[in-house]
Amino acid sequence: MAALRLSAYAAVAVHLCLLLSPSSSLRVRGLSESEEASTVRQGSYRTAYHFQPAKNWQNDPNGPMYYKGVYHLFYQYNPHGATWSNVTISWGHSVSVDLVNWGALDNALDPDSPFDANGCWSGSATFLPDGTPVMLYTGVNASNNQVQNLAFPKNASDPLLREWIKPTYNSVIPLPADVLNDNFRDPSTAWLGRDGLWRVAVSAQIKDSVASTLIYRSKDFRRWERNAEPLYSSGAAGMVECPDLFPVAEPGIQNGLDLVPPNRAARHVLKLSVMATHQDYYVVGRYDDAADTFALVGAYNDCRTWHRFDYGHVYASKSFYDAGKKRRVLWSWANESDPEPVYIARGWAGVQTVPRKIWLASDGKQLLQWPIEEIETLRKTRVGLLGAEVNAGGMKEIIGVAGTQADVEVVFEIPALDGAENLDPNQLLDPQRLCGEKGASVPGGVGPFGLLVLASSDLQEHTSIFFRVFRHAGKYKVLMCTDLRRSTKRADVYKPPYGGFVDIDIEKESGISLRTLIDHSVVESYGGGGRAVITARVYLEHEETNTNRMLMFNNRTGMVKVSKLDAWELKAANVNVPVV
Ligand code: DQQ
């Protein structure tokens, strides 16, 4: 296929060109509309606006950053196929000016040096005081030990940062004697302390002992020394990966904070990814930048008791500070839920959730998450409803929006709470199980009510996203579920009910809001204004058409009022059109 000049189909490059100097030689390989449909979005499960490379395997987001007006996303990528391979894992690299449309560049890091011969694993970007970005990443070296390496841009004046150089003095943090050789990885973004020393957090499994998040300090970003005290350590959950530590502004303030220059925020967030269960947990606490310790505030040490970013199928999240819009943005990997041979045959695996803005809720205890506002640029005509009613046992169709690529916002008015079912205290510990027991078709006092999406015309296949309110210890608990058990007739798919509690005071709030982003095989739902999020992968057996149905449903004993509904079909973004 010939490399053409900029085309209308390559909006990402148009944006990039507008942004770059008029003399820029940036071009993308143009695709005709039919080529785009078949090459870029082949197969009905491929997403239209969730980030994925044109083919092959991707997993963790790596080194996200905003540099000279351009967003960069690097990601764990296997250039040779649609499966994870510890030998060939590289860093894919894409660029964007709006976090929605992306251009694909050549790999940033490939396993071609003795210190990363067996894989370039996850890592993070840091800005040095002169503004130059540097990557700290894990290499699996020729002896199969995990070590931490540096990489610098070859040309820091290139906003696209196309080429990266690994200094020959790597590795900069060798494997410590007391750490397992295959469990020492995932350096965080580094930060400068008030003493002028850099700090970085690295995951480590101490031999015969605990999982730790170690802190290393450095004067020059090259020679690093381990702090005696780890930032976190616990024997409870096994190896924890991909640490992320970042400051947050005062409760309720939506602006993000950067790690550099030194920032003495009152509160920090620590996020860890538990390898055994592939789930991410975070906690709000106090980071002491002199001792480099992290004090939990009102939380247990076992990280599995902390908050979840997502109660669905996502892992290895990583945030970055977006200096352009002064916000903190979170990326997370959503793996496939169907068998490896099936996705290998499909030729691709793994998507990223939509980038989410995150900030501290006004209660100061948890983060709120919301799709970045730029996603709204994909919205087509709005379909709206005000004050609709859904009767007990009833459904109401959302008409006029093709339900395969859609954004739906709905507010359910809370009916009187006196019919709420009692919650057995044991059920508090396992909301996912509770969603299984109290599914969408099990009538209750206050709920279940919610949405059915990606539904076939006969409703035999459908994904239900719903709420149910329980009474517990004189208060109320709101359960949010995404139930995949009837999402597809395919038997080879992992299709559980997912669930989490939404931390809202239902006696004070006038309604429960739900926003659901639907994108072919992704259903990403935000409950209670972003207090609970569930991302699910859905693989319809019914032939995908533009008429996948969306409905509101109510299986409580009385009527439910929908005080507001807004729904939009979404345009496809240009995701990973090659930049030449
Ligand atoms: N994935 C990377 C590791 C990380 C894991 C390897 C988390 O660096 O610990 O692909 O998904």
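The values are calculated or read from the model by the stated rules, or taken from the named source; none is laboratory data. In this text, all values refer to a predicted model and were calculated from it rather than measured experimentally. Positions of Cβ are generated from backbone atoms using ideal geometry, with glycine treated the same way; all protein chains shown enter the neighbour counts. SASA here: full protein model, heavy atoms, side chains in, ligands and nucleic acids out. Shrake-Rupley method; radii C 1.70, N 1.55, O 1.52, S 1.80 Å.
Here are the numbers for the structure shown:
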item	result
Debye, to nearest 20: dipole size of segment 409-462, +1 on Lys, Arg Cβ, -1 on Asp, Glu Cβ	80
Segment residue 459-residue 304, extension gain: residue separation times 0.36 nm, minus the distance between their alpha carbons	52.2 nm
Residue 72 accessible area, assembled protein chains, probe 1.4 Å, Å²	0
Sites residue 507 and residue 253 - FRET efficiency at Förster radius 25 Å, r taken between beta-carbons, to 0.05	0.45
293, 138, reordered so the largest accessible area comes first (probe 1.4 Å)	293, 138
P(r) tail fraction, the chain - alpha-carbon pairs more than 32 Å apart, %	45
Cα gyration tensor shape of segment 40-133, rounded if a/c is under 1.5, else prolate or oblate by comparing a/b with b/c	oblate
With all protein chains modelled, accessible area of residue 57 [1.4 Å, Å²]	10
Within segment 85-123: backbone nitrogen closer than 17 Å to the residue 218 label point (7 Å, Cα to C-beta)	115-116, 121-123
Dipole moment magnitude, nearest 20 debye, the chain about Cα centre, only Lys, Arg, Asp, Glu C-beta charged	620
Anisotropy class of segment 55-353 from Cα gyration tensor, a/c 1.5 cut	rounded
Accessible heavy-atom area order of 484, 385, highest first, probe of 1.4 Å	385, 484
Label-point gap, in nm, between residue 342 and residue 266 - each point 7 angstrom along Cα→Cβ	4.9
Only Lys, Arg (+1) and Asp, Glu (-1) charged, at Cβ; segment 55-353 dipole about Cα centre in debye	580
Label-point separation, residue 181 to residue 44 (7 Å along Cα→Cβ), nm	4.9
Rounded to the nearest 10 Å², the accessible area of residue 380 at probe 1.4 Å	100
Heavy-atom accessible surface of the chain: percent carbon and sulfur, 1.4 Å	50
Debye-sum result for segment 370-435 in log10 I(q)/I(0), which assumes one identical scatterer on each alpha carbon, at q = 0.16, 0.20, 0.24 Å⁻¹	-0.91, -1.04, -1.13
Fully extended contour minus Cα-Cα distance, from residue 491 to residue 432, at 0.36 nm per residue	19.2 nm
Nitroxide proxy distance, nm - points 7 Å out along Cα→Cβ at residue 389 and residue 326	4.7
Segment residue 441-residue 541, extension gain: residue separation times 0.36 nm, minus the distance between their alpha carbons	33.9 nm
Probe 1.4 Å, all protein chains present, accessible-area order of 433, 226, 490, largest first	433, 226, 490
